[in-house]
4 protein chains.
Amino acid sequence: MESPLTGRYVAVVGPSDSARDDDLERARAIGRGLAERGAVVLTGGMNGVMQAAAQGASEAGGTAIGLLPGPDRAGAAPENTYTLPTGLGELRNALLVRAADAVVAVGSSWGTLTEIALARRTGVPLVLLDAWDLPADAGVLVAGPGEALDALVGLLRAD
Amino acid sequence: MESPLTGRYVAVVGPSDSARDDDLERARAIGRGLAERGAVVLTGGMNGVMQAAAQGASEAGGTAIGLLPGPDRAGAAPENTYTLPTGLGELRNALLVRAADAVVAVGSSWGTLTEIALARRTGVPLVLLDAWDLPADAGVLVAGPGEALDALVGLLRAD
Amino acid sequence: MESPLTGRYVAVVGPSDSARDDDLERARAIGRGLAERGAVVLTGGMNGVMQAAAQGASEAGGTAIGLLPGPDRAGAAPENTYTLPTGLGELRNALLVRAADAVVAVGSSWGTLTEIALARRTGVPLVLLDAWDLPADAGVLVAGPGEALDALVGLLRAD
Amino acid sequence: MESPLTGRYVAVVGPSDSARDDDLERARAIGRGLAERGAVVLTGGMNGVMQAAAQGASEAGGTAIGLLPGPDRAGAAPENTYTLPTGLGELRNALLVRAADAVVAVGSSWGTLTEIALARRTGVPLVLLDAWDLPADAGVLVAGPGEALDALVGLLRAD
């Protein structure tokens, strides 16, 4: 099924160790939904929300590319289809936002906030799901994975 | 006068075009105070809060180093003592935080928020002055330049 | 067919505009051979040797990932399976080398030499095919695509 | 004395551990000469040629700024006037070239070659002193520190 998401790159960002079960379920559903619509899932490649999104994409037969912070593949989630070590540490968050056509944030952490702020600063469409408590204009605020996917379709159709 | 700030690198971050007069006055006072205490002022090298902080440092006979986003020195504030083009765009915000022993945020913008979040994510001491409306534990919240300098002295003495 | 190259990431680097027909044919054969052995082909994502390697990988049903220098996908070769804009300009050469398990250089240019030198500097196994006129110990010097693939198998088996 | 070098940024690059005594003496003389002409010396901030250039600049009362590869100031040469940790590893070589108005290479190593190749790739004026055995058009080849300084004056006057 052709969709405005087909062939587009969507970064799914969110907490690693501090991710809640809720965040993980939602990230997995979003990863799955993105893959079903033909989007490539980008993540930071590690555990937590990143891993859950990669798992969802992989379950749907899609592609998840992980941009890793370290200089090698240590710690990469096995659910990634491809992994790219950057050796940039937290600067890889900025690469992730740059490489993406849109960003979905699931849950809250300081790392996630860097990605949210960078997306806003550089004009990358942003969907927030239970994300950091930000001003109302921070991005499209949604309540669940289905709404998140609908919001992405709307943002990338208009793009 | 020897101070816990002597020889330390403090990044002053804040809005460029959207900086308010208040932000500029405060950034200038902080830049001056840092230079008087022997600290090196780091900024993003452009206008607004960055320029005001560099101006303050320069008025006090100190040093301001600007890490520019572009591939050359176009748009650099003339008040910088030294400027370094990075060609990294907004990724230079992450460099700025990494190169600093502490960060002071004056005022609010999405670019400023990337620096605040990166400082928190990477454990760099952070002082917030009229900065983004963040959770109470985001950093040391202060009401004016004098308090900001005192807070930095406290953070870097303990460091 | 399982091979020491299966699941490994090999960067194919070489000139863009100044690539000779010979370079292009060889890069394409190497891209094809890598894909046939299950390796992921990494390139700088643009024209010349990068495009030829991606084309070879794609003809063999494999995967070519292009790390682009610009902030968006403009100028990306259509033969890439996936493209990631980095906005890093020539710094993306360093990312390419970092993300790769081995590097093959086909032909000579200053950009290619940065990748060769970075691979040597950081210890990434390197195979040179008609590459820059370097000291004999610069890497494994080979005369054609078949030898290049054999050399990669040897280097990555030992890895 | 006003000079075409006054206020310009010149990167002095060369080997660290493998630097020969000759390289060190020459780097120090170049650092001194640059500082006497009002140029800011940029280096990779560590030992060997980098340290010698910083020492020369500092002896002449000038400024040496070191862009360090690590995430903190560990290993920085004490002769630097200012140091900036980048956490970029070998990618900081590219930053160094980008931030410089001209590059002088003293001696040979793979790291030095990355800087030479990047300077050539990005059009930064380049002077080579006993540097890597490169094609004759690689840069302005000189035989000693005095010639190197003269060559820089010529390149930056024309700039």
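The values are calculated or read from the model by the stated rules, or taken from the named source; none is laboratory data. Quantities reported herein were computed from a predicted structural model and do not represent experimental measurements. FYI the Cβ positions are ideal-geometry reconstructions off the backbone, even for glycines, and counts take in every protein chain you see. These accessible areas exclude ligands, DNA and RNA; they are computed on the full protein's heavy atoms, side chains included. Shrake-Rupley method; radii C 1.70, N 1.55, O 1.52, S 1.80 Å.
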Comparing each residue of the stretch A:77-124 in the complete protein assembly with the chain by itself (heavy atoms, probe 1.4 Å, ligands and nucleic acids ignored), those losing at least 50 Å² of accessible area are A:82, A:84, A:88, A:90, A:91, A:95, A:98, A:99, A:110, A:114, A:117, A:121
Please give the Cα centre distance for the stretch D:93-142 versus the stretch A:82-139, rounded to the nearest Å.
37
Taking only Cα atoms of the stretch D:1-125, radius of gyration then Dmax in Å:
12.8, 38
State the percentage of accessible surface on the stretch B:54-135 attributable to carbon and sulfur atoms; use a 1.4 Å probe and exclude ligands, DNA and RNA.
46
Carbon and sulfur together cover what percent of the accessible area of the stretch B:1-50 at a 1.4 Å probe radius?
42
Rounded to the nearest 100 Å², the accessible area buried between A and C, both sides, probe 1.4 Å, is 1600
Please give the per residue volume of the convex hull enclosing the alpha carbon atoms of the protein assembly as shown, rounded to a whole number of Å³.
149
Give me the distance between the Cα centres of the stretch D:24-39 and the stretch D:1-20, rounded to whole Å.
7
Can you give me the long-range amide H partners of residue A:13? Hydrogens built in the peptide plane at 1.01 Å from N, cutoff under 5 Å, separation of 5 or more residues or another chain.
A:104, A:105, A:106
Against the 2.2 N^0.38 Å rule of thumb, the C-alpha Rg of the stretch A:84-159 sits at a ratio of 1.07
Kirkwood Rh in Å, taken over the stretch B:22-71 so that all alpha-carbon pairs contribute:
10.2
Determine the per residue accessible area of the protein assembly as shown with all protein chains present and a 1.4 angstrom probe, expressed in square angstrom.
34
Teacher prompt: residue C:143 distances to equivalent labels in other copies, 7 Å Cα→Cβ, nm
4.1, 7.2, 8.3
